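Visitor: Below is a structure I'd like to ask you about.
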Amino acid sequence: MHRPRKFRPRLTGIVLVALALVGFGAEVRSQSLEPRAYSNSPTGLNFVLVGFQNSRGAIELDPTLPIDDVHADVDTGFFGYVRTLEVAGNSAKLGFILPYASLLVDGFADGVYRKRDVVGLADPTFFFSYNFYGAPALSVPEFKDYRQDKIIGVTLKVVPPLGNYDSDKLINISTNRWTIEPGIGISSALGNWTLEASGAAAFYTDNDDFFNGQKREQDPIYSAQFHVTYTFPSKMWLAASTTYYEGGKTTIDSIEKDDLQENWRTGITLSLPVNRTQSVKFYGSRGVSTRTGSNFDIAGVVWQYRWGGGF
């Protein structure tokens, strides 16, 4: 059956679709690959980030549901800020990401084509990272003599439910719940090569106002990431990455769903220096294996500007 392009009814009264699609944008964001997350930087620097990301793909559902050929397309523009600082003699980073998203979902429920568009503010992300081993806090002049060996650090991400949400709608940009994601990672340099491995666990509070007052619960999602990065003499760097994540089974009003996620993704990232204060990063990733969840492709670009610290 071909997907029509002009028929655009409201997506209402189909609870089963919502169980699979709610939070698609959040899943894309939380499972993005992040090379060099545990790298060291001089203290006192400020970074402004402006970027655009497109995520699109199929939604893999519980096979017992009467839903077929479901796709989602998310365009996200975002603004971010990061500050490097000293904590107990070691380097740390503190920052936030503010996204604005457009979400389009379409598919067939009981053979009937349905489509939904929604645009608005998405849930922001606030984060803190602390490298407690191998990354001393250094000024810009001191950092010139620094050579990375092994770095071990921890991260904490917090995603509050501040985005656009309407409990009368089945699909929203915001998930209407808090996400808390602690992580730990290790980075080891071998000449121009850097090897990284990290693990994280995302914990979710309940959405007590899911589609007209239902209660939606979700188990934690556990993830691991691996990165291999090569840094060129020009300071350009290229990273190949992979991630595995599992968990996230949901419960709606005490009814457990067969939607455990167990997925692999791979991707690449290229960072190009423009001058001493600016750089541009291009990245992309795609799903390799998907049990349940979103088998999506991601492509994005980020412009970065830095200042401060006597730089």
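FYI, it's all coordinate maths here, none of it is from the lab. What you see is a predicted model; the values in this text were computed from it and never measured. Note that we place each Cβ from the backbone using ideal geometry, even for glycine, and neighbour counts take in every protein chain shown.
Visitor: Within a 10 angstrom radius of the beta carbon, how do Y230, Y244 rank from fewest other beta carbons to most? Don't skip to the end; give the middle numbers.
Guide: On the way: Y230 13, Y244 17.
The order, fewest Cβ neighbours first, is Y230, Y244.
Visitor: How do the peptides 295-307, 145-157 rank, highest first, by the average count of neighbouring beta carbon atoms within 10 Å per residue?
Guide: Working: 295-307: 17.0, 145-157: 15.0.
Highest-to-lowest ranking by the protection proxy: 295-307, 145-157.
Visitor: For the range 301-309, just list the computed ³J(HN,Hα) in residue order, Karplus coefficients 6.51, -1.76 and 1.60, θ = phi - 60°, integers in Hz, with x standing in for Gly and Pro.
Guide: Here the 3J(HN,Hα) series is 9, 9, 9, 10, 10, 10, 7, x, x Hz.
Visitor: Can you put E217, E196, E142 in order of Cβ neighbours within 10 angstrom, beginning with the fewest? If you can, show how the numbers build up before the last one.
Guide: Details: E217 18, E196 23, E142 12.
By the 10 Å Cβ count, ascending, the order reads E142, E217, E196.
Visitor: Semi-axes of the equivalent ellipsoid for the range 118-195, please: Cα gyration tensor eigenvalues, times 5, square-rooted, ordered largest first, whole Å. Write down the numbers at each step before the final one.
Guide: On the way: eigenvalues 301, 32, 28 Å².
Calculated on Cα positions only, the semi-axes equal 39, 13, 12 Å.
Visitor: In the range 15-308, with Lys and Arg counted as +1 and Asp and Glu as -1 at Cβ, which of these residues, F128, F79, Q148, has the Cα nearest the positive end of the dipole, that is, farthest along it?
Guide: The residue sitting most towards the positive pole is Q148.
Visitor: Hey, another quick one. Each residue of the range 253-262 in turn: what ³J(HN,Hα) in whole Hz from Karplus with 6.51, -1.76, 1.60 and θ = phi - 60°, glycine and Pro shown as x?
Guide: Listing the rounded values in order: 6, 6, 9, 7, 9, 8, 9, 4, 8, 8 Hz.
Visitor: I would also like to ask the following. Over the range 79-163, what is the relative contact order in percent, taking alpha-carbon pairs closer than 8 angstrom and at least six residues apart?
Guide: Values: 160 pairs, mean separation 25.4, N = 85.
Across the range 79-163, relative contact order equals 30 percent.
Visitor: Please compute one quarter of the surface area of the Cα convex hull for the range 208-295 and express it in square nanometres. Let's see the in-between values first.
Guide: Numbers: hull surface 32.8 nm².
Mean projected area for the range 208-295: 8.2 nm², to one decimal.
Visitor: Bins of 10 Å, beginning at zero and ending with the bin holding the largest distance: percent of Cα pairs per bin for the range 15-308, please.
Guide: 6, 26, 36, 19, 10, 2, 0
Visitor: Another question, if that's okay. I'd like the distance separating the alpha-carbon centroids of the range 80-143 and the range 178-218, in whole Å.
Guide: Their Cα centres are 11 Å away from one another.
Visitor: Tell me, what ³J(HN,Hα) does each residue in the range 274-285 have, in order and in whole Hz, if you take phi through Karplus 6.51 cos²θ - 1.76 cosθ + 1.60 with θ = phi - 60° and put x for Gly and Pro?
Guide: For the range 274-285, the Karplus curve yields 9, 7, 5, 10, 10, 8, 10, 10, 10, 8, x, 7 Hz.
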